[in-house]
Amino acid sequence: MILMALLPFLVVHSYASNLSETDKINYLIASVESLQGATFIRNGREHDARTASNHLRLKLRTMGYRIQTAEDFIELCASKSSMTGEPYLIRLMDGTTIQSELFFKDMLKTFLAK
């Protein structure tokens, strides 16, 4: 089910080695935005995919120069609340809940594998 939602992103994997860090970060944000039926839990509140991706873009802009790599983005923007330290969670359509840090690390690893 998740694979089908992410199929458009899988096609570009062969080009991953030629991409900039900004391209990788944009891919990660787009992977969240495309998750159908997912719920994003931030500080105990539930948000849809669009709201979550907009929040990540805002954090990315706020963090500015501190984000040099996709790994920085995952660690500093996409893993936990900078206000409370609570990890961000993603509840998938099938009910499985995962920490967003694991989701993003897996997405980046898959993206770079090709």
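The values are calculated or read from the model by the stated rules, or taken from the named source; none is laboratory data. What you see is a predicted model; the values in this text were computed from it and never measured. Because the Cβ atoms are built from the backbone with ideal geometry, glycine has one as well, and the counts that use them run over all protein chains shown.
Side notes on the structure shown:
- When the stretch 82-97 is filtered for residues that are surrounded by 14 or more Cβ atoms within 10 Å (Cβ to Cβ) and hydroxyl-bearing (Ser, Thr, Tyr), only Tyr88 remains.
- Test: Ala49 is touching a helix residue (DSSP H, G or I) at 6+ places or on another chain (Cβ under 7 Å), surrounded by fewer than 16 Cβ atoms within 10 Å (Cβ to Cβ) and small (Gly, Ala, Ser): no
- Residues in the stretch 40-82 that are of a type in the set (Phe, Trp, Tyr) and closer than 17 Å to Leu28 by Cα: Phe40, Phe73.
- For the stretch 83-97, a tally of residues being β-branched (Val, Ile, Thr) and over 18 Å from Ser31 (Cβ atoms) returns 1.
- Selection within the stretch 62-97 - over 13 Å from the mean Cα position of the chain (by Cα) and within 15 Å of Glu21 (Cβ to Cβ): Met63, Gly64, Tyr65, Arg66, Ile67, Gln68, Thr69
- First in the stretch 38-58 and over 13 Å from Ile90 (Cα atoms), second anywhere and among the β-branched types (Val, Ile, Thr), Cβ under 6 Å, 6 or more apart: Leu56/Ile29
- Verdict on Ile41 being modelled with pLDDT of 95 or more, within 20 Å of Thr96 (Cβ to Cβ) and touching a strand residue (DSSP E or B) at 6+ places or on another chain (Cβ under 6 Å): yes
- A single entry from Glu71, Glu86 fulfils the requirement of being touching a Gly at 6+ places or on another chain (Cβ under 8 Å) and at pLDDT 95 or above: Glu86.
- Criterion violated by Arg42 - all others in (1) under 23 Å from Asp23 (Cβ atoms); (2) buried (at least 19 other Cβ atoms within 10 Å of the Cβ) satisfied: (1)
- Some residue of the stretch 82-94 being small (Gly, Ala, Ser) and in contact (Cβ under 8 Å) with a residue 12 or more places away in the chain: yes
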